[in-house]
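The values are calculated or read from the model by the stated rules, or taken from the named source; none is laboratory data. Given the structure is predicted, the values throughout are model-derived calculations rather than measurements. Note: ideal-geometry Cβ built from the backbone for every residue, glycine included; neighbour counts use all protein chains shown.
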């Protein structure tokens, strides 16, 4: 692992350039080299892998990725940081740098980013697409969740994120952290927190704990969902009003698709009580409930 991801190197390099970490971009650099190594090892990189890194920073993690993967696309929104990283990465022909926001909007990644991934994968027979990144907290949720709805499908994600987000992703039913995001991720992936990270692992120190999270899409799990877009849209709608009972949540989520009578029929079919709440349903129950609603809507 590069010794350039140290606090001394980072602070001195920024100081010489007349720069400082920018809060608006969520710039918190991971400075514990052992934890950086865990992040990289968790990705199990090989020479045919195409890696997407979001948040180039000064290129320290990027260089390590480039020595282990076939190709790296690294995205940095801050032009000042990208200029510094460009000098660090000039000797790596298998690195492509993009200076842009990785997100087109909250529901989609930027087209240029995915096009760069597809172009790189075409050069590697049997290529696997992986996300490995110290993700800025402010974009972590949309990056992780939206990659499951994009082509090519990511083979795995190994990322540093806010601990609270990691706990939400792996949360079981009927607990306060269980949410639409929990179900969306668990319905398709095997998710695991590899390590918890204290604020001291970063510079500048964030006000929260962090985690290294590994997410591996599971083909068997994904096959249970017939219509991913329908499932995603209606699942999010189910959790807009958490304190409502299940019948009311379902009527709201399926508005313009199902009548109240049809909603009642679906609940009877699924053997679910109307006074449950969405957060009490297991991942499997939610998949079956939303699919039953989709089929019911096609009968009209």
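Scan region 47-57 and give yes if some residue there is at positive phi, out of contact with any helix residue (DSSP H, G or I) (no Cβ under 7 Å at 6 or more places or on another chain) and crowded, with 16+ Cβ neighbours inside 10 Å, otherwise no. Within region 47-57, one or more residues are at positive phi, out of contact with any helix residue (DSSP H, G or I) (no Cβ under 7 Å at 6 or more places or on another chain) and crowded, with 16+ Cβ neighbours inside 10 Å. Let me spell it out: the conditions are (1) modelled with pLDDT of 95 or more; (2) exposed (fewer than 14 other Cβ atoms within 10 Å of the Cβ), and residue 125 meets all of them except one. Which number is the exception? That leaves (1) as the condition not met. Checked against the criterion of being in contact with a strand residue (DSSP E or B) (Cβ under 9 Å, 6 or more places away or on another chain), within 19 Å of residue 132 (Cβ to Cβ) and not in a helix (DSSP H, G or I), region 60-70 contains one or more residues that satisfy it.
Tell me whether region 9-28 contains one or more residues that are buried (at least 19 other Cβ atoms within 10 Å of the Cβ), modelled with pLDDT of 90 or more and part of a strand (DSSP E or B). Scanning region 9-28, I find no residue that is buried (at least 19 other Cβ atoms within 10 Å of the Cβ), modelled with pLDDT of 90 or more and part of a strand (DSSP E or B), so the answer is no. Counting the residues of region 20-76 that are under 14 Å from residue 202 (Cβ atoms) and under 16 Å from the mean Cα position of the chain (by Cα) gives 3. For the subset of region 266-286 comprising residues that are part of a helix (DSSP H, G or I) and touching a helix residue (DSSP H, G or I) at 6+ places or on another chain (Cβ under 7 Å), which member is nearest to residue 172 (Cα to Cα)? Going through the qualifying residues, I end up with 283.
The single condition among (1) more than 26 Å from residue 130 (Cα to Cα); (2) touching a helix residue (DSSP H, G or I) at 6+ places or on another chain (Cβ under 7 Å); (3) modelled with pLDDT under 95 that residue 204 does not meet is (2). On inspection, residue 95 passes the criterion of being assigned by TED's automatic domain parsing to the domain that holds residue 113 and surrounded by 21 or more Cβ atoms within 10 Å (Cβ to Cβ).
Contact map, region 9-24: residues that are in the same structural domain as residue 203 (by TED's automatic domain parsing) paired with residues that are exposed (fewer than 11 other Cβ atoms within 10 Å of the Cβ), Cβ distance under 9 Å, separation 6+ or inter-chain. Pairs shown: 9/3.
Just one of (1) touching a residue at least 24 places away in the same chain (Cβ under 8 Å); (2) assigned to a strand (DSSP E or B) fails for residue 104. It is (1).
Can you confirm whether residue 279 is closer than 17 Å to residue 237 by Cβ and in contact (Cβ under 8 Å) with a residue 60 or more places away in the chain? In short, yes.
Every test in (1) under 21 Å from residue 168 (Cα atoms); (2) surrounded by fewer than 16 Cβ atoms within 10 Å (Cβ to Cβ) is passed by residue 299 save one, and that test is (1). Residue by residue through region 107-133, note down the ones that are within 18 Å of residue 49 (Cβ to Cβ) and not in a helix (DSSP H, G or I). Result: 122, 123, 124, 125, 126, 127, 128, 129, 130, 131, 132, 133.
Results for (1) over 18 Å from residue 170 (Cβ atoms); (2) in contact with a strand residue (DSSP E or B) (Cβ under 8 Å, 6 or more places away or on another chain), shown as yes or no for each residue.
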{"site": "186", "(1), (2)": "no, no"}
{"site": "190", "(1), (2)": "no, yes"}
{"site": "193", "(1), (2)": "no, yes"}
{"site": "214", "(1), (2)": "no, yes"}
{"site": "260", "(1), (2)": "yes, no"}
